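The values are calculated or read from the model by the stated rules, or taken from the named source; none is laboratory data. Keep in mind it's a predicted model, so treat the numbers as computed, not measured. Using ideal geometry, Cβ is built from the backbone for each residue, glycine included, and neighbour counts are taken over all protein chains shown. These accessible areas exclude ligands, DNA and RNA; they are computed on the full protein's heavy atoms, side chains included. Shrake-Rupley method; radii C 1.70, N 1.55, O 1.52, S 1.80 Å.
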Amino acid sequence: MGYENTIFPEGTSFLVTGAAGFIGSNLVETILNLGYEVRGLDNFSTGRRENVEEFLNYENFEFVEGDIRDFEICKNVCEGVDYVLHQAALGSVPRSMKEPLIYEDNNIKGTANMMEAARLAGVKRFVYASSSSVYGNSTKLPKVEGEEGNVLSPYALTKKVNEQYGSLYTQQYSLECIGLRYFNVFGRRQDPDSQYAAVIPKFIKAIRSGQQVEIYGDGEQSRDFTYIENVIEANLKSCIAPKEACGKAFNIAFGERFTVNQMYKLMCELLEVELEPKYLDPRPGDIKHSLASRHNTENYIGYAPSWSFTEGFVEALQWYKEYI
Ligand SMILES: NC(=O)c1ccc[n+]([C@@H]2O[C@H](COP(=O)([O-])OP(=O)(O)OC[C@H]3O[C@@H](n4cnc5c(N)ncnc54)[C@H](O)[C@@H]3O)[C@@H](O)[C@H]2O)c1
């Protein structure tokens, strides 16, 4: 799994924000099963109650329904916590193009609230979700930290600002922050139903309901699709990475790219269907190619992802077959 040797003292406690979401609920599940204490926070804006309901009978789990835009809540949930894994945010580049201001509130104000609350509570480390979208219009491949272009969406801007706060809080307030630039994460519990669903669950849902899959652009855009297990590894390793990693943000991906057409073809093969997709106009704010360098992530946090896209894809499809 890649995090077997990431061991914390007994009784270590984690706060996972965005606990009812895709990535947050997977972090909660793993950390509970490792035997540590977990507090989850979510306002269910895009998360689902059923993603946390299954954990409510764990003795080492506590769930708080609340909003990171409310500073009092942020202070309360940080009390007594060793590590914060901050995932709560509004995702979706296209939604942010339509509704930019709610991104300012949830992603920038919400994250600033969480960092300040973590500082006041004396949290040991604050690990937060950033995004590959911070590379913006840079066409360089692979993407290397420090070689960003101009951001292309309000969503990407919020993540860029979060990283600047992370750097500031580390330098000026001694709150050890590490940002994780996730690249197109996929896996169990990723929501297929939202209007802004990510591409993999959206395609699976369409295929399984007998609908034609819609691909934006010519489908030759490529992505470094990253399996959820690698993201879990990155979060846990970031908590105990050497101090030199703090104040920085790192790429979290497998380091291999597939076009949307290739991914769709493999999906059809694995689901044993033959369906021609429908091609639509490209979407504003989307980047053409994405591929991560793992160099800094390996050096600074010891990241060594064990799940390739194909291995993760096979496992994720098994889950979707059962639950969609
Ligand atoms: N999934 C990806 O491919 C991907 C890629 C890059 C970055 N990210 C980032 O990773 C994090 C988790 O993403 P995800 O895919 O699990 O999304 P998600 O929508 O499934 O989870 C986000 C969770 O945060 C909660 N939330 C949103 N605003 C909140 C608020 N104001 N207060 C409390 N809770 C709030 C939502 O209800 C949801 O449960 C986000 O920060 C996202 O921007 C995800």
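So if I check each of Val84, Val144, Val93, which one is modelled with pLDDT under 95 and either open to solvent by 20 Å² or more (accessible area, probe 1.4 Å) or more than 12 Å from the ligand (Cβ to nearest atom) (or both)? If you could, list the steps in order and put the result at the bottom.
Working: Val84 fails: modelled with pLDDT under 95; Val144 fails: modelled with pLDDT under 95.
When all the criteria are applied, what remains is Val93.
Within the stretch 96-127, the set of residues being more than 13 Å from the ligand (Cβ to nearest atom) and surrounded by 18 or more Cβ atoms within 10 Å (Cβ to Cβ) comprises Met115, Glu116, Ala118, Ala121, Val123, Arg125, Phe126.
On the stretch given as the stretch 174-228, residues that are surrounded by 23 or more Cβ atoms within 10 Å (Cβ to Cβ) and away from the ligand (no atom under 16 Å from the Cβ) total 1. In the stretch 277-324, of all residues being in contact with a Ser or Thr (Cβ under 8 Å, 6 or more places away or on another chain) and among the hydroxyl-bearing types (Ser, Thr, Tyr), the one that is farthest from Ala245 (Cα to Cα) corresponds to Ser290.
What residue, among those in the stretch 229-250 that are in a helix (DSSP H, G or I), within 12 Å of the ligand (Cβ to nearest atom) and not β-branched (Val, Ile, Thr), is farthest from Phe309 (Cα to Cα)? That would be Asn235. When the stretch 10-28 is filtered for residues that are assigned to a helix (DSSP H, G or I) and open to solvent by 10 Å² or more (accessible area, probe 1.4 Å), the ones remaining, listed by number, are Phe22, Ile23. When the stretch 153-173 is filtered for residues that are within 14 Å of the ligand (Cβ to nearest atom) and hydrophobic (A, V, I, L, M, F, W, C), the ones remaining, listed by number, are Ala156, Leu157, Val161. The helices (runs of 4 or more DSSP H) found entirely in the stretch 61-154 that carry 1 or more residues being of a type in the set (Lys, Arg) are 71-78, 93-98, 110-121. Quick check on the stretch 256-277. Is at least one of its residues under 17 Å from the mean Cα position of the chain (by Cα) and modelled with pLDDT of 95 or more? Checked against the condition, which is being under 17 Å from the mean Cα position of the chain (by Cα) and modelled with pLDDT of 95 or more, the stretch 256-277 yields no hits at all. When Thr158, Thr139 are checked against the criterion of being crowded, with 24+ Cβ neighbours inside 10 Å and either touching a residue at least 40 places away in the same chain (Cβ under 8 Å) or out of contact with any Ser or Thr (no Cβ under 9 Å at 6 or more places or on another chain) (or both), Thr158 stands alone in meeting it.
Would you say Asn26 is of a type outside the set (A, V, I, L, M, F, W, C), within 20 Å of Glu163 (Cβ to Cβ) and within 15 Å of the ligand (Cβ to nearest atom)?
Values: of a type outside the set (A, V, I, L, M, F, W, C): yes; within 20 Å of Glu163 (Cβ to Cβ): no; within 15 Å of the ligand (Cβ to nearest atom): yes.
So Asn26 does not fit the description; no.
The residue of the stretch 34-48 that is nearest to the ligand (Cβ to nearest atom), among those that are within 20 Å of the chain's Cα centre (by Cα) and more than 12 Å from Gly21 (Cα to Cα), is Arg39. Filtering Asn51, Asn60 for residues that are closer than 23 Å to Ala234 by Cβ and near the ligand (Cβ under 9 Å from one of its atoms) leaves a single hit, Asn51.
With respect to (1) open to solvent by less than 10 Å² (accessible area, probe 1.4 Å); (2) within 14 Å of the ligand (Cβ to nearest atom), the lone exception for Ile31 is condition (2).
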